[in-house]
1. Which of the residues spanning the range 207-222 are aliphatic (A, V, I, L, M) and within 8 Å of the ligand (Cβ to nearest atom)?
2. Going by the structure shown, is V136 crowded, with 20+ Cβ neighbours inside 10 Å, within 16 Å of the ligand (Cβ to nearest atom) and outside any strand (DSSP E or B)?
3. Just for the range 104-119: of the residues that are among the hydrophobic types (A, V, I, L, M, F, W, C) and in contact (Cβ under 8 Å) with a residue 40 or more places away in the chain, which one is surrounded by the most Cβ atoms within 10 Å (Cβ to Cβ)?
4. Would you point out the residue of the range 261-289, among those that are surrounded by fewer than 18 Cβ atoms within 10 Å (Cβ to Cβ) and among the hydroxyl-bearing types (S, T, Y), that is nearest to F14 (Cα to Cα)?
5. Given the options A283, A244, A264, name the one that is assigned to a helix (DSSP H, G or I), small (G, A, S) and away from the ligand (no atom under 16 Å from the Cβ).
6. Output the number of residues of the range 139-175 satisfying the condition of being small (G, A, S), surrounded by fewer than 20 Cβ atoms within 10 Å (Cβ to Cβ) and in a loop (DSSP other than H, G, I, E, B).
7. Being without any contact (Cβ under 8 Å) to a residue 12 or more places away in the chain and either within 19 Å of the chain's Cα centre (by Cα) or crowded, with 16+ Cβ neighbours inside 10 Å (or both) is the requirement here; does A237 meet it?
8. Considering every residue within the range 120-133, establish whether at least one is within 16 Å of the ligand (Cβ to nearest atom), in contact (Cβ under 8 Å) with a residue 24 or more places away in the chain and closer than 30 Å to L231 by Cα.
Amino acid sequence: MILAPMQGLTELLFRRAYERRFPGAIAVAVAPFISLTHGNVPRFENKALADVNPDANRGSIPIIPQILGNEPDEFVAMAARLAQMGYDEVNWNLGCPMRRIAAKHRGSGLLAHPDEVRRILDAVVPRLSVRLSVKVRLGHCSPDEIYALIPVLNDYPLASVTLHPRTGKQQYSGHPQLGHFARALPLIDKPVIYNGDIFTLADYRTVVQRFTGIADVMIGRGVLYDPLLPLRIKGTAPQSDEEALRLCAGFVEDLVGDILRLQASDAVKLSKIKEYWCLLYKALHVPETEARALLRTPTLGEMTESVLGISSKF
Ligand SMILES: Cc1cc2nc3c(=O)[nH]c(=O)nc-3n(C[C@H](O)[C@H](O)[C@H](O)COP(=O)(O)O)c2cc1C
């Protein structure tokens, strides 16, 4: 099981807290994307690279850095920088659905342009000293875009193809289009990783039983809805609900503690706690209306008190 990249969520802070509480439960994570814009390539110690700093990542979940962009020279330079830092694989983000990103033929905006993808891979692959994997959706506008893209991907020595079976336009709404995943899977001649809407052990079992050809699964939101999901998949989660809740509550407390220790303003810390709370409240079985009401809490002190008040009940 691979932890999905989620900008602002599965960042270093989360990965470190998770590994401390549940060592070895998640084998590897793809880190949230590093964008090739904003001069990220020439500068080494900038904010974008802090998340993949090897020293800071020691004792955390092992990661594969991810790059978002469409500029071959910058991509190669960033991959070289990451290789220098000790990484042996980078992942190319071909799935980000954000309109302002996709409109510039980056992320899922490239999916409908297989010729452009080929041009980029032609320019990048021979110059890489690291393995390259890709993370894609079915398409940006239409799920059929994937069928023109697959022959292109098959022409390059990619380490894996992670497929989230939604379109960019779908964002995260509706359901994963599993029929298209089933059709695409045998056409891809690389290890294929399934990603999308695995929220429970039952969801996981359904996916691995239906798609026997997949090499692995990647899970994002499911790990925040239920931090014990990776342990449930491994068969190492506690049997009793009470104990499971206690473990989740301990993790939430760790995470909040780590956020409070950040060198950041109270406003930043408050919004970070709220970002996590939007998903993690489910792990503590808090009713949605109560969880949403908490998002209106105006100060860091009150928010912390409320969240820790809930978690300390377990
Ligand atoms: C808040 C948020 C941030 C995300 N950031 C990234 C990212 O940096 N790179 C990426 O490839 N996918 C990103 N994704 C997509 C996830 O990796 C994943 O494909 C998606 O959440 C579906 O998987 P899930 O149903 O297991 O969550 C993000 C998703 C969310 C909700």
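1. Filtering the range 207-222 for residues aliphatic (A, V, I, L, M) gives 207-208, 214-215, 217-219.
If the condition is that a residue be aliphatic (A, V, I, L, M) and within 8 Å of the ligand (Cβ to nearest atom), then M218, I219 are the ones that fit.
2. Values: crowded, with 20+ Cβ neighbours inside 10 Å: yes; within 16 Å of the ligand (Cβ to nearest atom): yes; outside any strand (DSSP E or B): no.
No: the conditions fail for V136.
3. Residues of the range 104-119 that are among the hydrophobic types (A, V, I, L, M, F, W, C), as a first pass: 110-112, 117.
Cutting the leftovers down to in contact (Cβ under 8 Å) with a residue 40 or more places away in the chain gives us 110-111.
Values: L110: 26, L111: 28.
It comes out as L111.
4. Among residues in the range 261-289 that are surrounded by fewer than 18 Cβ atoms within 10 Å (Cβ to Cβ) and among the hydroxyl-bearing types (S, T, Y), the one nearest to F14 (Cα to Cα) is S271.
5. Working: A283 fails: away from the ligand (no atom under 16 Å from the Cβ); A264 fails: assigned to a helix (DSSP H, G or I).
The match here is A244.
6. Pass one, the range 139-175, residues small (G, A, S): 139, 142, 148, 159-160, 168, 173-174.
So of that shortlist, the ones also surrounded by fewer than 20 Cβ atoms within 10 Å (Cβ to Cβ) come out as 142, 148, 159, 173-174.
Add one more test, that the residue is in a loop (DSSP other than H, G, I, E, B), and what stays is 142, 159, 173-174.
Residues in the range 139-175 being small (G, A, S), surrounded by fewer than 20 Cβ atoms within 10 Å (Cβ to Cβ) and in a loop (DSSP other than H, G, I, E, B): 4 in total.
7. Working: without any contact (Cβ under 8 Å) to a residue 12 or more places away in the chain: yes; either within 19 Å of the chain's Cα centre (by Cα) or crowded, with 16+ Cβ neighbours inside 10 Å (or both): yes.
Judged against the criteria, A237 is a match.
8. Here is the first cut: in the range 120-133, the ones within 16 Å of the ligand (Cβ to nearest atom) are 132-133.
Still in the running and in contact (Cβ under 8 Å) with a residue 24 or more places away in the chain: 132-133.
If we keep only those that are closer than 30 Å to L231 by Cα too, we end up with 132-133.
Yes, some residue in the range 120-133 is within 16 Å of the ligand (Cβ to nearest atom), in contact (Cβ under 8 Å) with a residue 24 or more places away in the chain and closer than 30 Å to L231 by Cα.
The values are calculated or read from the model by the stated rules, or taken from the named source; none is laboratory data. Computed from a predicted structure; not experimentally measured. Cβ atoms come from the backbone with ideal geometry, glycine included; neighbour counts cover every protein chain shown.
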